[in-house]
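No value in this document is a laboratory result; all are computed from the given coordinates. Because the structure is a prediction, the values reported are computed rather than measured. Note: ideal-geometry Cβ built from the backbone for every residue, glycine included; neighbour counts use all protein chains shown.
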Amino acid sequence: MGINRSLFSNKENHSLLKYLKFFLFLILISVVIFLINREIDSLLYTSALHPFKHIFARDPGNLTNILGGLGEVVTAVLGVELTAVAIIAQLAANKYSSNVMILFILNKVNVFVVSLFVLTATNTILVVNTLVEDFIPYWSILFNLSLIYLSIIIVIPHLYYVFNFLQPENFVGLIKKQSFRLLKEVNKDSSISLPEIKKEFFSRIEFIRDIGINSVGQGDSAVAVLCITTLKDILVKYFEEKKNFPKDWFERTGVEYLDPDFSSYSNFVIDRIEKTKTFIERKIFRAYDLLFNISRKSLRDVAAAVLLNSGLIGEAAIIQNDHGALNCIFQYFNTYLRFAINDHDPRSAFNTLEHYRKIAEKLLETNSYEVERVAFYFKYYALEAQKHEVLFILETAAHDLGVLLELAYEKKVINLRELLYVFLNLDQPIEETSKEDYSQKELSLIGVRIAQVKLAGFFLLKGEEELARLIYEDMKVEPIERINKIHEIIYTTTVEEFWEITPRGTNFYFVPEDRKKVLGKFFAWFNI
């Protein structure tokens, strides 16, 4: 199936010549239909066969008036329907994107329906004006009445189709399918213009992005999430096709310098994007970046969808072993964290870390050394959060790194100790500060130590006393009062589910009973 490249502002596709050709095509079809019907009437007349003679009036004047009146009805119905449909389509375009109107106008069903009305009207004119007293074309009249009848009864199903078409899931799904076809065409057709295909692909991404942004502005989280998921589906499909793309696809075309998503980048950044083959990834994640930023506080479910789908894209990049794409994903997750920290938005950072950790969990299966980089980022942004007094993030990072280390042990990764080293260096001494700030930082550092103690209990359960000892050696410098406080929190926390509604739902201070039993040995090393 060929690709309809007339969707967006392509000068060639929107040229006057194209529309003139379509206009001439309709005229040609009208004339051909008329001539074929007239030939059938001639054959029936010469054969003295008049099967339709008794159906219609025999007076050419009456037939002319009837058909002429019905022709006027058809044009009136066309005018009413076009008005109604145009209003509906324009409302959808105003709500989501102006490109919805273009997409609607070029839809094959809509083109067919309007063409049917036009053909009916033109055929009526030809039949009416060729009626003569000595030759009444009964077959042509019957065919023309059939067209009129079909044109009238098609109005209701067409209006239903229009309402259905303008549902976001339908036209967004159509754009997704067209994007998939574009990707397949890059691999199948070596004669196509790659810059033109890339431009078309970019335009579809922008279309979906604009719908998502406008939906956030109107508080329509369902459509915004739909757009986010669709962009993820497109990028995952792109990963599958990418390895077979020609080398020229990944080179800059010059269009990037005029694209708002790339125009602000320095030559160094553009060179890096070209080298890592991530123009498409950057384009989609730029859309995610915008959606995340505008929805973090107004529509948190949309921001959560950005994080979820960013994580799923990361897992797809790992499966495809695409290091360039994975590095791009890391950069955007780091950017999400930076946005949240600078804006003192701990909830967004809290959610970001969870999805970031899930990527690292998947990465443990293929390249555990890359997980060290993720662990470093966790540490870096946790300390940045502490510096900006977004305090709960340090505890969250500690919890996530603890979970990651448990999984790393289960998978027997060879750099477990390096990961453990990063984890143990997550905390930092409390600087001289006010009493209130001291109390808050103390609580955060206790949360970090609790996460480390939980990992020590895990190691003791697995019979890895040496690894548990490493955690003890790092903690033995702590004041005994803090160790006692950690001991008290662990043994008095008995509810695993947190008592407020949170995305994770777990209580970070909860320790299962089997670990509590072996932690008696761990705390005994502190002589408590």
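Over region 102-216, how many percent of alpha carbon pairs lie in each 5 Å bin up to the one with the longest distance?
Reading upward from the zero bin: 2, 9, 14, 14, 12, 11, 10, 8, 8, 6, 4, 2, 1, 0.
Radius of gyration and Dmax for region 461-528's Cα atoms, expressed in Å?
13.6, 38
Can you list the trypsin sites (Lys or Arg not before Pro) in region 268-326 that are in a DSSP coil and have 16 or fewer other beta carbons within 10 angstrom?
Lys297
Give Lys476/Lys516; Lys362/Lys454; Lys362/Lys485 a once-over and call out the pairs whose C-alpha atoms are over 24 Å from each other. Let's see the in-between values first.
On the way: Lys476/Lys516 19 Å; Lys362/Lys454 22 Å; Lys362/Lys485 35 Å.
Result: Lys362/Lys485 exceed 24 Å.
What's the angle, to the nearest 10 degrees (0 to 90), between helix 300-319's Cα axis and the longest principal axis of the chain?
Tilt of helix 300-319: around 80 degrees.
Return the tail of the calculated pair distribution for region 168-437, meaning the percent of Cα-Cα pairs more than 35 Å apart.
On the way: 7354 of 36315 pairs.
Considering region 168-437, 20 percent of its Cα-Cα pairs are separated by more than 35 Å.
Short version: ³J(HN,Hα) in whole Hz for each residue of region 162-174, in order, from phi by Karplus 6.51 cos²θ - 1.76 cosθ + 1.60 (θ = phi - 60°), x for Gly and Pro, what are they?
4, 4, 5, 4, 7, 6, x, 5, 7, 6, 5, x, 5
Per residue and in Å³, how big is the convex hull formed by the alpha-carbon atoms of region 241-370?
With only Cα atoms used, region 241-370 gives 117 Å³ per residue.
On C-alpha positions alone, give me the angle between the axis of helix 16-46 and the longest principal axis of the chain, in degrees, nearest 10.
40
Once you put a point 7 Å from the Cα of Glu274 and another 7 Å from the Cα of Lys237, both along the Cβ direction, what distance in nm separates them?
2.9
Give me the one-decimal nm value for the distance between modelled label points at Ile192 and Glu488, 7 Å along each residue's Cα-to-Cβ direction.
It works out to 6.8 nm between the two label points.
Please express the shape of region 16-165 as an equivalent ellipsoid: the semi-axes are the square roots of 5 times the eigenvalues of the C-alpha gyration tensor, given largest first in whole angstrom.
36, 16, 12
Compute the angle between helix 346-363 and the longest alpha-carbon principal axis of the chain, please, reported from 0 to 90 degrees and rounded to the nearest 10.
Relative to the chain, helix 346-363 is tipped by roughly 90 degrees.
Count charges around Val216 for me, please; just the other residues with Cβ under 14 Å from its Cβ, Lys/Arg as +1, Asp/Glu as -1.
In short, +1.
Between Tyr421 and Gln218, what FRET efficiency comes out of the Förster formula 1/(1 + (r/R0)^6) with R0 = 41 Å and r the beta carbon distance, rounded to 0.05?
E between Gln218 and Tyr421, to the nearest 0.05, is 0.25.
Give me the Kirkwood hydrodynamic radius of the chain in Å, from all C-alpha pairs, to one decimal place? Before the final figure, lay out the partial values.
Details: mean 1/r = 0.0353 Å⁻¹.
Across the chain, the inverse of the average 1/r is 28.3 Å.
Using R₀ = 30 Å, calculate the FRET efficiency as 1/(1 + (r/R₀)^6) where r is the Cβ-Cβ separation of Glu39 and Lys108; round to 0.05.
Values: r = 30 Å, r/R0 = 0.99.
For R0 = 30 Å, the calculated efficiency reads 0.50.
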